[in-house]
Each structure stands twice: as C-alpha cells, then as structure tokens.
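In what follows, a structure is listed as structure tokens, so that the remarks can point back to it.
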Amino acid sequence: MKLDRVNSLVRLPARPAKAHKGQFGRVLVVGGSLGMVGAPALAAQAALRGGAGLATIATPAPIQQTVAGLCPCATSIPLAASDDDVLAATAVDQFTQACESAKALAVGPGLGVGADRDALITAAISQSVPLVLDAHGLNVLARLDGWRERIACPLVVTPHPGEFARLTGTAVGASAEEREGAAVAFARSATGDQPFVVLLKGAGTVVTDGVRVYINTTGNPGMATGGAGDVLTGLIAAFVAQGIGVFDAACLGAHVHGRAGDLAADAIGHASMTAEDVLAYLPEAVREIAD
C-alpha cells in the first residue's frame, strides 16, 4: 500500500467573540501514582495550554489533593484506592462515568503498572471517546492479551522505542527508514474499524495511521527530559477535544510540542531544560498555528 506523505498541518480555528469554555472540549487526564504526582498535572496543564476549555484529572485518592495543587486550573476526581495506592474495582466505574463528559482522554502519565491498572486500561480502550495513551498506559497495554481486538475508540499511542518494543515485541532500528517502516507496520496491525495512530517518538518523530505518514522536524535534545512526554500527551488530547481528528491532532501535537521545545532552547539552552520549560513556551508555539 502506497503511503500518503503529509507535509502540511491543520490550524486551530479562530475563536468566536462569544465563545465559552464548553465549546472547546473537556480533556480527562487519567494518571498518577505514589511517587509520580507531577505527570498527570503536566498533561492537564498542557491540555489547557493547547486550547481545551476544561481539564479534569482522575487520579488515585491518596494523591488527589497533591495532584490538584499542582494544576489549579483543572478539576480532579479521586479514584477509589487503598492507602498504598492500589486501585479498587470501583475505580473503573468512576472512570467510565467521567468519560461521559469528556471529548478526549489522556491516559497513562505516571499511572504505574500493576494488575490493579489492567482493568482501567481495558476500560479505556473499550469505550468510545478518542484516547491518547502514553507512558505507563502503554506498558499496561502491553500486558493485555488480545488488546488490538478490544479497541472501540479512535486511539493514539505515543511510544518511545522501549515502549514500542514492549508493545510489538520488535526492537526499532536506528535509521529513519527503519523507524518509519516499524511505525507504519504497527499502525496497520490494528484489527478494528477505529482509527489507530502511532506516534513513534525520537529525533524525527514518526506519526502514521498506516495510510498517511508525517515526519516531524521540530524539537531538540534538550527535550530528552522527564515529563516532556506528558506535555505531548495532554497537548494532543487538547487538539482532539477541539474537534481535530486523531491523526491530524497527533501531527499538530508533535510539531507544536517540538516548536515549544525549540523556543525554550533558544532562551535557556539544552542542558537545563525541563518539561515545565516546554510547557511555558506552548502559548507562543500554539499562537503560531492558530488563525
């Protein structure tokens, strides 16, 4: 099958003068665990900086107040869990109910991996709201037998090469051609009728749905820092929540994320950059692609 190479990106439409927050969608971020409270907050902040009207963080009850304090512009939901952060069975019901008001899901940042998370990720891929799955969400997904057959939603997965190998059982080659070929083959492996988009991270991030492919040219080595992927996850979900299709949203997210990193690098260099610096430059990067 011949690939359609994408070289142009969609733009965010101008906002009506009488707009209200409900017009720009709610992103539901699901993540966090003991020792990883910052990840879902970064994703939620990125969702809001990316233009989502609302963001809600669903996170285990023992850390909910801490996570909420890191992102005061988002609301939060405490998922039922024990004091040692093991999710209760009712957490899945809470998640499913929260999906009803969401336009896009960002699941996985800081979530942790364990049998108690398996049911949550199964529920996430089995519902109908467009889903961006990253980080621990991908590692949990790799644990699930037959997950490709369970996908019921438009799905974007955003693995780095290690996560990609766990998902597919195949290591990613170093060359641009090998990276593209591996991502395309993975995108074509989904068995359902919902869009399945693979965003393979790295220098020259590859975005593909198996029919189209986009190679991102923004970004720099300073972005090789903890939390940068969480920002990307929230950003893509924000674009989806505003009505952009999952493939175009993933392409736009990769570009804007890298562009924010380039602006940060111009200001402070590579060595000291953190995910918060990428987040800080998102408004300028988003403004460049907005009408």
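Filtered by the rule that a residue be over 20 Å from ALA250 (Cβ atoms) and over 17 Å from the mean Cα position of the chain (by Cα), segment 132-164 gives ARG143, LEU144, ASP145, GLY146, GLU149, ARG150. Among residues of segment 1-60 being in contact (Cβ under 8 Å) with a residue 24 or more places away in the chain, in a loop (DSSP other than H, G, I, E, B) and under 21 Å from GLY112 (Cβ atoms), the one that is farthest from the chain's Cα centre (by Cα) is LEU34. Summed over segment 236-264, residues that are in a helix (DSSP H, G or I), farther than 13 Å from VAL207 by Cβ and not basic (Lys, Arg) total 9. Taken as a whole, the structure leaves LEU54 outside the set of residues that are within 30 Å of ARG259 (Cα to Cα), crowded, with 17+ Cβ neighbours inside 10 Å and touching a Cys at 6+ places or on another chain (Cβ under 8 Å).
Within segment 65-91, track down each residue that is in a helix (DSSP H, G or I) and under 19 Å from ALA135 (Cα atoms). Selection gives VAL67 alone.
The numbers here are math on the coordinates, done by the rules we state, and not lab data. If you're wondering where the values come from, they're calculated on a predicted model, not measured in any experiment. For neighbour counting, all protein chains shown are included, and Cβ atoms are generated from backbone atoms with ideal geometry for every residue, glycine included.
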